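Down below is the structure, laid out as structure tokens.
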Amino acid sequence: MTPTRNRARHYLSKAISACFAAAILIAPASSHAADIPTFAVDASWPKPLPNNWILGEVGGITVDSQGHIWVIHRPRSLTDDEKGAALNPPRSKCCVSAPPVLEFDADGNLLRSWGGPGEGYEWVGREHGIEVDEKGFVWIGGNADNDNAILKFTLDGKFVMQIGKIAPSKGSGDTTQLGKPAETAVDKDANEIFVADGYGNRRVIVFDATTGAYKRHWGAYGKPPSDEKQPPYDPNGPAPQQFANPVHCVKLANDGLLYVCDRMNNRIQVFRKDGTFVKEWFYEKNTRGNGAVWDIAIWPDPKQTYLLSADGENNEIRVLKRDDGTVVGSFGRSGRNAGQFHWVHAMAVDAKGNVYTAEVDTGKRIQKFKLTSDALR
């Protein structure tokens, strides 16, 4: 009996050891999976707008240092049936356009609204892009034919400064005028504003954020930009040597790396702040249409471990490792239901890991996605 009991103890000991080893092997993978950001849509956000207001195409969205969500939309994109109450005579009970710029809290309450033509500045023809810097200034741009400027306001909508003019573009080599700028990013340490420029030009351009003085600019790979006609995008061809239009986003990480959306070329290019090219990543290279890289948000953990990338052609948001661009997750698909997208155009993330999205074309809405994983440790 003794040998049998010894053998039983031996096999039981081996089984327990194997289970313990398996648990050790599984735990890191499980922990790692929990670190990847995942989300669930909050279908109740935002709360209904007051004053019979409605949103048009949403050209930009950002989160400020207080965790408030700022939106810029396009009142002129509303159809007659959408703005029926504003017609003369009214054709229906609803609705009228909300002001172009709106500020919400994280619960979806509207806090502030303003925007449109005013004294001392030229309002844009089609609203595109919004940024709120840490000093409390709001930057906006536009992408209509002559929207070759960016505007700076206080949080209450008081005009501060205009860089460029609402006038014909002078091309990607000009240092006084923009070219339908898509988005901006402010470097608080250097007091500089980086502009993704844009729908007309093919460059990143940098100005002093206080005086508006020109600093520097560059094109793809850090080379001088060219406005010469580019061949059609070929997913099987060599990497394009120039940005395509639009250069659609620019985002600055804490370590000084700058991420630029080359939308139609389906790629993100990474630079240092002086324009030195670092690396590039391609996504969904077979995507044609309006391209696969529309916007970027930087994950708010201390290391800024991830990037979120909005794709308005495939209507999904990809989760990328910031160090190497690897796709580790995604959410969304084309559709009209909560959590789905039609032309997801811009995005932002708050300090708690909640994601806010903005849709153009006939999407005309903003959505909130709550963080559902332990990805902010």
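The values are calculated or read from the model by the stated rules, or taken from the named source; none is laboratory data. These figures come from a predicted structure and were not determined experimentally. Cβ coordinates were reconstructed from backbone atoms using ideal geometry, including for glycine residues, and neighbour counts include every protein chain displayed. All accessible areas refer to the heavy atoms of the entire protein, side chains included, with ligands and DNA or RNA removed. Shrake-Rupley method; radii C 1.70, N 1.55, O 1.52, S 1.80 Å.
Long-range amide H contacts for residue 341: which residues qualify at under 5 Å (H placed 1.01 Å from N, peptide plane, sequence gap of 5 or more or a different chain)?
Result for residue 341 returns 333, 334, 335.
Candidates [x] 88, 20, 17; [y] 42, 26, 19; [z] 35, 20, 18; which is the computed semi-axes √(5λ) of the Cα gyration tensor in Å?
So the structure-derived entry is [y].
Among 236, 52, 109, which one shows the biggest mean-square fluctuation in a GNM of the chain, springs joining Cα atoms closer than 10 Å?
236
Which listed residue (139, 198, 104) has the Cα farthest towards the positive end of the charge dipole for region 97-210, taking +1 on Lys and Arg C-beta and -1 on Asp and Glu C-beta about the Cα centre?
Looking along the dipole axis, the top candidate is 198.
Taking the chain as the reference, fit the longest principal axis to its C-alpha atoms, fit the long axis of helix 2-35 to the helix C-alpha atoms, and give the angle between the two in degrees, 0 to 90, nearest 10.
Helix 2-35 and the main axis of the chain meet at about 10 degrees.
Within the chain, which is the longest segment containing none of the GluC sites (Glu not before Pro) that sit in a DSSP loop and have at most 12 other Cβ atoms within 10 Å?
229-377
Given springs between every Cα pair under 10 Å in a Gaussian network model of the chain, which of 65, 92, 334 has the largest fluctuation?
92
Which aspartates and glutamates, on any chain, are close to residue 303 with Cα under 19 Å apart, when same-chain ones fewer than 8 places away are left out?
35, 187, 189, 255, 323, 324, 350, 374
Quick one: of the DSSP bridges fully inside the chain, what percent are antiparallel, nearest 5?
Around 95 percent antiparallel, to the nearest 5.
For the chain, which whole percent of the accessible surface, found with a 1.4 angstrom probe, sits on carbon and sulfur atoms?
Carbon with sulfur: 52 percent of the solvent-accessible area.
When the dipole is taken about the Cα centre of region 39-128, and only Lys, Arg (+1) and Asp, Glu (-1) are charged at their Cβ, what size is it in debye, to the nearest 20?
Details: 8 positive and 12 negative charges, 66 e Å.
Result for region 39-128 is approximately 320 debye, rounded to the nearest 20.
Can you pull out the trypsin sites (Lys or Arg not before Pro) in region 49-110 whose DSSP state is coil and whose Cβ has at most 10 other Cβ atoms within 10 Å?
93
Using the structure shown, list the pairs from 152/364; 188/364; 229/251; 47/273; 83/285; 93/158 with a Cα-Cα distance above 30 Å, or answer none. Please list the in-between numbers first.
Working: 152/364 24 Å; 188/364 32 Å; 229/251 27 Å; 47/273 39 Å; 83/285 39 Å; 93/158 32 Å.
The answer is 188/364; 47/273; 83/285; 93/158.
Top mean-square fluctuation among 300, 89, 46, Gaussian network model of the chain, C-alpha springs under 10 Å?
Per the Cα network of the chain with a 10 Å cutoff, 89 tops the list.
In region 205-246, with Lys and Arg counted as +1 and Asp and Glu as -1 at Cβ, which of these residues, 211, 221, 244, has the Cα nearest the positive end of the dipole, that is, farthest along it?
211
Reachable aspartates and glutamates from residue 165, Cα under 13 Å, same-chain residues fewer than 8 places away excluded?
Excluding near neighbours in sequence, the set is 122, 145, 147, 174.
Okay, helix-only estimate at 222 nm for the chain: each DSSP H run of n ≥ 4 adds -39500 (n - 2.57), divide by all residues, round to 500 deg cm²/dmol; what do you get?
-3500 deg cm²/dmol
Could you list the trypsin sites (Lys or Arg not before Pro) in region 103-164 that lie in coil according to DSSP, counting only those with at most 16 other Cβ atoms within 10 Å of their Cβ?
Taking region 103-164 and a limit of 16 other Cβ atoms within 10 Å, the loop trypsin sites (Lys or Arg not before Pro) found are 135, 158.
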